[in-house]
Structure formats: C-alpha cells, structure tokens
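The values are calculated or read from the model by the stated rules, or taken from the named source; none is laboratory data. The structure presented is a predicted model; accordingly, all values stated were derived computationally and were not measured. Here the Cβ positions follow ideal geometry from the backbone for every residue, glycine too, while neighbour counts run over all protein chains shown. Areas reflect the complete protein model, heavy atoms only, side chains present, ligands, DNA and RNA absent. Shrake-Rupley method; radii C 1.70, N 1.55, O 1.52, S 1.80 Å.
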Amino acid sequence: MNLQTLIVRNRSYRRFSRREPVSAETLRGLVDMAGKSASAQNLQPLAYLLVHTPEGTEKVFPHLKWAGYLKDWDGPGPEEQPPAYIIVLHDTTVRTAEHLLWCDLGLACQNILLGAVEQGLGGCLIGSANRTALRGALSIDTRYEPLLVIALGKPAEEAVLEEIGEGGDIRYYRDSSGVHHVPKRKLRDIIIGEI
C-alpha cells in the first residue's frame, strides 16, 4: 500500500469489530513507530499506556465521548467498542513548551494511525475524555498527564471522503446505510498561492 492510499484510508473509525482483538505485540509495534517520530528538540516527552484486555478496555470506554457531530448517537454499542486503546501521555518530568508538545503529539499519533491502517486496522483520536476519571480508573501516576486516547481495532464501518458542498458544511455524517461521510476542502481552497 503506498502512502497516498494509507492516508486516504486513515479515517476516524468509531465502530469496531470487538471480536477481533488487537494484541499487545501489535500495540508495541505501533508505539515503536511513534517513538521513531521526529521530536521537537529531540526531547521525546511522550509516553504510552497500552490497553488491550477486555477488563482494561471496559475501564476506558465510559470516560470517552464519541462523535460530537452525530447528536443522535451515544457511541459504539457493546459489540462495536474498540478492542484496544493507546493512551498518549505527557511525561511531565520532560519539560517542553506546550506548542512543541502538540507538534510531537501530532507526529506520533499520525505514525500510529498510519501503521494501524497498514495492518488492516483503524483508529480514532479521542480528545474528548474525562482525563481525571481516566487517570483514576487506570491508576496512572501523576507524573503522566493524559493527552489523547487512540481507539484501535478492525473497523466495522465504512468511511468515505467527499468534497465540501456548496453550503460549506464541514460536519461529518452517516447516511441511511450507516456509511460515514467526511467532507474535505478542495485543494484549490487550501492553497492560498504560489510564488
């Protein structure tokens, strides 16, 4: 699979096949890709908590909010919940400027998601989480600050890209067949010029 195909297939999947587990070895491999990402000043301030057991995923799920634009959907049902998560954390003993931390976070997460797609998996970055409750449920040491949760598994939904329509609406939606549509800006609308 070439990079262009990986990027197009790398959508935010929110429904998974719960019956297809993701192994600890697979998660370690994805985090290894994240660890090889570029890092501002090479400070490497990120740490990761791998969650792949049914007991562990049941501790994570209640503290997440899913798909803000889908007002009539409360999140995946029991058979569609992610079989694995990677909790991305800031190791606060590594001091870094906040804007540099977010650059590292984006690079690392993109590597994880592209690696997942390459292996036939899909994921979703979840920033809307109750971090305090998550810390307690998973007994995360105060040295580590939860930044994002990455839900991972075999996708149980189809997600397609489409151009933003005339009204300019950027909200993703599901059609009557359950296909997840993601509007994207046209190339001509994001390139402001050439010099």
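Using θ = phi - 60° in the Karplus curve 6.51 cos²θ - 1.76 cosθ + 1.60, the 3J(HN,Hα) couplings for region 127-133 round to x, 8, 9, 7, 5, 5, 5 Hz; x is entered for Gly and Pro. Relative contact order of the chain, taken over Cα pairs closer than 8 Å and 6 or more residues apart, is 30 percent. Applying 1/(1 + (r/R0)^6) with R0 = 22 Å to the Cβ-Cβ distance of ILE164 and LEU70 gives a FRET efficiency near 0.80. Across GLY165, GLY35, GLY77, mean-square fluctuation computed from a Gaussian network of the chain (C-alpha pairs under 10 Å connected) peaks at GLY165. For the chain, the mean residue ellipticity at 222 nm estimated from helices alone is -9000 deg cm²/dmol, where every DSSP H run of n ≥ 4 contributes -39500 (n - 2.57) and the total is divided by all residues, rounded to the nearest 500.
Rounded to the nearest 20, the Cβ-based charge dipole of region 94-146 about its Cα centre (Lys and Arg +1, Asp and Glu -1) stands at 180 debye.
Here the dipole of the chain is about 180 debye; that uses its Cα centre as origin and unit charges on the Cβ of Lys and Arg (positive) and Asp and Glu (negative).
May I ask you to give the percent of accessible area on the chain that is carbon plus sulfur, with a probe radius of 1.4 Å? About 51 percent, which is the carbon plus sulfur part of the accessible surface.
The solvent-accessible area of GLU158, taken with every protein chain present and a 1.4 Å probe, is close to 110 Å². Candidates SER128, ASN2, GLY193 compared by Cα position along the dipole of the chain: farthest toward the positive end lies SER128, with charges placed on Cβ.
Spatially, region 92-122 and region 9-79 are offset by 12 Å when compared through their Cα centroids.
At full extension, ALA97 and ILE192 could sit 31.3 nm farther apart than now, given 0.36 nm per residue minus the alpha carbon distance. Listed by chain and number, the lysines placed with their C-alpha closer than 28 angstrom to that of LYS184 are LYS65, LYS71, LYS154; residues fewer than eight positions away on the same chain are left out.
Volume per residue for the chain equals 152 cubic angstrom (convex hull of Cα atoms). Beta bridges per DSSP, both residues in region 70-195: antiparallel share near 75 percent. Computed from Cα atoms alone, the Kirkwood hydrodynamic radius reported for region 36-151 is 15.0 Å. Heavy-atom accessible area, probed at 1.4 angstrom with all protein chains present, ranks LYS154, LYS59, LYS65 as LYS65, LYS59, LYS154, highest first. Average accessible surface for the chain: 58 Å² per residue, computed with a 1.4 Å probe over protein heavy atoms with every protein chain in place.
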